[in-house]
Ligand SMILES: O=C(O)CCC(=O)C(=O)O
């Protein structure tokens, strides 16, 4: 639920400039440690279901689980988290929803994510999106926030790697000798930190050589007129408890045209912002 705390965490000019120019933004300590521990409980449960199904051979496999929001109320609560969500509307505006979500568990011993020929799988998000645009650079259509639940403050912990500034590049050089592309860095974060990254930013996951299981919750935001990447399966008992803004963020519109029209009756986030004197185009 939105309240006046959100208004204390609007995106700053510096943060917006950083995100626009480099394609990512790290925010430290956005989740309190007790919430991090609470969030780990359903994550571990979902991961255990996978291990039970796959057996012991999956113990060292990276686990990618799509459309996790509906699995627990605590996950839905992150959609409009007061320390991060104001920056979401500060980047994309108010005609937004969560088009995609996934959680990742990367146990010790997980190999790096690689492509068909065994090289690190550097990629941009959302499949065909940047190619289909046919203009360069394509506009920003979507981005993700990853909330870290584990300590990946040092390299070697299955870190998320990025090439800062590469969101404006059609491609990057991908070395074939096992080295990193020029400018690539590991994103090092503590539990409770969040990373915003532009869908166009080139990124990948490296191997986990540590004894710490990496856990991250990824929530994607896009314009409401963009098709969802997931089915977005929210159980009615969770959906019905959501206020209209959360329902918007979960993809609800009273009528299909409401995702395009921008009228107040279709846009609860816009109405709330204007009531609180935040006017966005
Ligand atoms: O596991 C990671 O750090 C990489 C995540 C990723 O590639 C993605 O969210 O598209």
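With each run of n ≥ 4 DSSP H residues scored as -39500 (n - 2.57), what mean residue ellipticity at 222 nm is computed for the chain after dividing by its residue count and rounding to the nearest 500 deg cm²/dmol?
After summing the helix terms and dividing by residue count, I get -7000 deg cm²/dmol.
Sort 84, 106, 176 by Cβ crowding within 10 Å, fewest neighbours at the top.
Going from least to most buried by this count: 176, 84, 106.
Quick one: helix 13-22 against the long Cα principal axis of the chain, what's the angle to the nearest 10°, folded into 0 to 90?
It is inclined by approximately 50 degrees.
Want the number for residue 132 to residue 66: 0.36 nm per residue separation, take away the alpha-carbon distance, what's left?
21.4 nm
Given R₀ = 45 Å, FRET efficiency for residue 38-residue 279 by Cβ-Cβ distance, to 0.05?
So, using R0 = 45 Å, E works out to roughly 0.80.
Out of every Cα pair in segment 110-186, what percent are spaced more than 16 Å from each other?
60
Kirkwood Rh over Cα pairs of segment 19-164 into Stokes-Einstein at 20 °C, 1.002 mPa s: D in µm²/s?
Using the Kirkwood radius from Cα pairs, D works out to 122 µm²/s.
Which order do 197, 218 fall in if you start with the one that has the fewest other Cβ atoms within 10 Å?
Least crowded to most crowded, the residues run 218, 197.
Please compute, over every Cα-Cα pair in segment 12-53, the percentage with a separation greater than 12 angstrom. Numbers along the way, then the final one.
On the way: 605 of 861 pairs.
The proportion of pairs with Cα distances above 12 Å equals 70 percent.
Starting with the fewest neighbours, write out 53, 209 ranked by other beta-carbon atoms found within 10 Å of each beta-carbon.
With the sparsest Cβ surroundings first, the list reads 53, 209.
Hey, quick one: spin label on residue 233, modelled 7 Å out along Cα-Cβ, who in segment 56-97 has an amide N within reach, i.e. under 20 Å?
Zone members listed by number: 63-77.
Could you order the peptides 247-256, 151-160 from most to least packed, using the average number of other C-beta atoms within 10 Å per residue?
On the way: 247-256: 17.4, 151-160: 20.1.
Ranking the peptides 247-256, 151-160 by packing returns 151-160, 247-256.
Relative to the longest principal Cα axis of the chain, at what angle does helix 33-54 sit, 0 to 90 degrees, rounded to 10?
Value to nearest ten degrees: 60.
Modelled label-to-label distance, residue 261 and residue 119, 7 Å Cα→beta-carbon offset: nm?
Placing both labels 7 Å beyond Cα along the Cβ direction yields 4.9 nm.
Run the numbers for residue 49 and residue 21: contour at 0.36 nm per residue of separation, minus the present Cα-Cα distance, in nm.
Working: separation 28, 0.36 × 28 = 10.08 nm, distance 4.05 nm.
That pair, residue 49 and residue 21, stretches by 6.0 nm at full extension.
Could you state the number of Å between the C-alpha centres of segment 52-80 and segment 114-144?
Here the answer is 23 Å between Cα centres.
Would you mind estimating how fast segment 4-275 diffuses translationally, via Stokes-Einstein at 20 °C and 1.002 mPa s with the Kirkwood radius over Cα pairs, in µm²/s?
Using the Kirkwood radius from Cα pairs, D works out to 111 µm²/s.
When only Cα pairs under 8 Å and 6 or more residues apart are kept, what is the percent relative contact order across the chain?
Relative contact order for the chain comes out at 28 percent.
Using 0.36 nm times the number of residues separating residue 83 and residue 13, minus their current alpha carbon distance, what extension gain do you get?
23.6 nm
No lab work stands behind these numbers, since they all come straight from the coordinates. As the structure is a prediction and not an experimental result, all values here were calculated from the model. Positions of Cβ are backbone-derived with ideal geometry, glycine not excepted, and every protein chain shown enters the neighbour counts.
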